[in-house]
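The structure under discussion appears below in the form of structure tokens.
Read-outs: derived from the displayed coordinates by stated rules, not from any lab. Not measured: the values here are computed from a predicted model. Methodologically, a virtual Cβ is constructed for each residue, glycine included, from the backbone with ideal geometry; neighbour enumeration extends over all protein chains shown.
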Amino acid sequence: MKEGSTEAPTRHVIPWQDPAYTDMDRVLAEMTRVFDICHGCRRCFNLCDSFPRLFDLIDDSATGELDSVSTDDYKPVVDACTLCDMCFMTKCPYVPPHDFDLDFPHLMLRFRAAEHHAKGPDFAIGQLTRTDRNGKLARHAAPIANWASKRGNRVTRPAMEAVAGIHRDAVLPKFHGKTFEVQAKERPSRIDTEAPAHGRKAVLYATCFVNYNNPDIGVAAHEVLARNGVETEVVYPECCGMPQFEQGDLSEVATKAKAVAAALGPWIDRGYDIIALTPSCALMLKFDWPLIVSDDRAVQRLSEATSDITEYIVDIARKEGLADGLKPLEGGVALHLACHARAQNMGPKAADMLRCIPDTEVTVIDRCSGHGGSWGIMKENFEVALKVGRPVVRQAVESGCAHVASECPLAAEHILQGLERLDDAPAFNRAPHPVELFAQAYGIDPQHREG
């Protein structure tokens, strides 16, 4: 047996329909096996809070070994995992195909799936993660919804904390009256037929967050692609299911995967590429869905046809060349690479994209922000999430850059909150998605589309 793997990590199909997968006794037995390996290694001590919790649990036990730790005490370790995949992708020497066959994030997912199978979903989290329903309702009363969810609201936020467990100081996404789908229909982009990449066709999978909460990301991508001659269609059948995935509701994820794959399949048949606008959704379409519904050919085809937006723009730059007109971004960019972009195993495509902008310095921040989707806004996690993200905040300040950006829009707000807590930190009004900065370099203002 080798000490560490020298081969590319692989992942197994998730057998969520097998009763053994959600048998809690079997889950706990596997956790004991894996935790003992982690105890002897400890390379992941400085990633998320799962590993300090695990190692403290062992170190504070009667023997200082896992044999004196009760399996009843495992749950806090699971609760701290954000499924960022960084231990699997960057640290663990024992991931498959190594004989130890260790996939820590997917083991945490299995525990959550077993809990979900036994107890059903937590009501508050279940309501919070129904993103399509929430977005459709809130868009009709966006000013009221945003007033109610605004940090500092002394009427609603304490109530939300008491009832739903959402920390009163956590920034929550805003809602927009005009979704990205609506804006794209009202003001279609003018395609530059002289651009080198003219002839490409792509569907922009809007994603729930871009569609309801941050249409500017979608508009920026739409305009940048049009400037580069790409014919685009904005399509949004429904959410990718990442919020349900985080909670272990794999049956719901499978249902969404099949529905979205069926809706996008005809576009693939017509020669369209598929572009996901946020890294978490790209990760679901490209990698997670095929592990959950491995026997569905439509899901497999969608996986093969999907690119992250930054990955797609870099592909244009390398194959056909970008359209002229990019201007420098003065002061440079401190770019946070999202964990779920790194987990796509495609390289730092957002950095590669921004480096296509002339005379623009790009400083890469290659650490987890600590947000973890819905995890980081919860009362019991918020302060821990800020602690995990502190190295990102420090690196952003130390870079001295005029712009701070993140591929993950939730991480972006979290980083801004971390910056607020530093006395010597410069003030940043926003931390845009890198495609928004790319649009800015082209002289495009996405906000002019909202109206």
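Just how large is the dipole of the chain about the Cα centre, in debye to the nearest 20, putting +1 at every Lys and Arg Cβ and -1 at every Asp and Glu Cβ?
On the way: 49 positive and 64 negative charges, 261 e Å.
So the magnitude is around 1260 debye.
Using a Förster distance of 25 angstrom, determine the FRET efficiency expected from the C-beta separation of K379 and T32, and round it to 0.05.
In this case the efficiency is close to 0.25.
With each run of n ≥ 4 DSSP H residues scored as -39500 (n - 2.57), what mean residue ellipticity at 222 nm is computed for the chain after dividing by its residue count and rounding to the nearest 500 deg cm²/dmol? Don't skip to the end; give the middle numbers.
Details: 22 runs with 201 residues, N = 451.
It lands at -12500 deg cm²/dmol.
For helix 104-119, report the angle its Cα long axis makes with the longest principal axis of the Cα atoms of the chain; keep it between 0 and 90° and round to the nearest 10°.
80 degrees
Before anything else, pin down the relative contact order of region 19-119: Cα pairs under 8 Å, at least 6 apart, normalised by residue count, whole percent.
On the way: 95 pairs, mean separation 35.0, N = 101.
Relative CO of region 19-119 lands at 35 percent.
By how many degrees, between 0 and 90 and to the nearest 10, does the Cα long axis of helix 50-59 differ from the longest principal axis of the chain?
The angle comes out near 20 degrees.
As an exercise, use a Förster radius of 41 Å and the Cβ-Cβ distance of Q127 and D359 to find the FRET efficiency, rounded to the nearest 0.05.
Efficiency computed from Cβ-Cβ geometry: 0.30.
By DSSP, what percent of the beta bridges with both residues in the chain are antiparallel, rounded to the nearest 5?
Details: 1 of 22 bridges.
Bridges in the chain that DSSP calls antiparallel: roughly 5 percent.
Would you kindly compute the Cα radius of gyration of region 123-164 and its largest Cα-Cα separation (Dmax), both in Å?
Rg then Dmax for region 123-164, in Å: 10.8, 27.
Cα-Cα over 27 Å: which of K119/K174; K201/K258; K119/K258; K178/K256; K91/K387; K150/K258?
Pairs exceeding the cut-off: K119/K174; K150/K258.
Which of these values of Rg and Dmax of the Cα atoms in Å was calculated from the structure shown: (1) 22.0, 64; (2) 21.8, 72; (3) 46.6, 156?
Of the labelled values, this structure produces (2).
Using DSSP to define loop residues, name the GluC sites (Glu not before Pro) in region 160-236 whose beta-carbon has at most 11 other beta-carbon atoms within 10 Å.
Filter output for region 160-236: E194.
Put +1 on the Cβ of every Lys and Arg and -1 on every Asp and Glu Cβ in region 123-164; which of T156, P143, Q127 then has its Cα farthest towards the positive end of the dipole?
Final value for the positive-end residue is P143.
To the nearest µm²/s, what D does Stokes-Einstein give for region 326-443 at 4 °C and 1.567 mPa s, using the Kirkwood radius over alpha carbon pairs as Rh?
D, rounded to a whole number, is 91 µm²/s.
Taking the Cα atoms only, what angle lies between the long axis of helix 250-269 and the longest principal axis of the chain, rounded to 10 degrees?
The helix 250-269 is inclined about 30 degrees to the chain.
What is the order of W16, W375, W289, fewest Cβ neighbours within 10 Å to most?
W16, W375, W289
Report the relative contact order of the chain, percent, no decimals, based on alpha-carbon pairs under 8 angstrom and at least 6 residues apart.
That works out to 15 percent.
Any idea how far apart E420 and H198 come out in nm if each label point goes 7 Å out from Cα toward Cβ?
Once both label points are built, they end up 4.7 nm from each other.
Dipole magnitude of region 180-318 about its Cα centre, charges +1 at Lys/Arg Cβ and -1 at Asp/Glu Cβ only, in debye to the nearest 20? Mind showing how you got there, number by number?
Details: 13 positive and 21 negative charges, 63 e Å.
It comes to approximately 300 debye.
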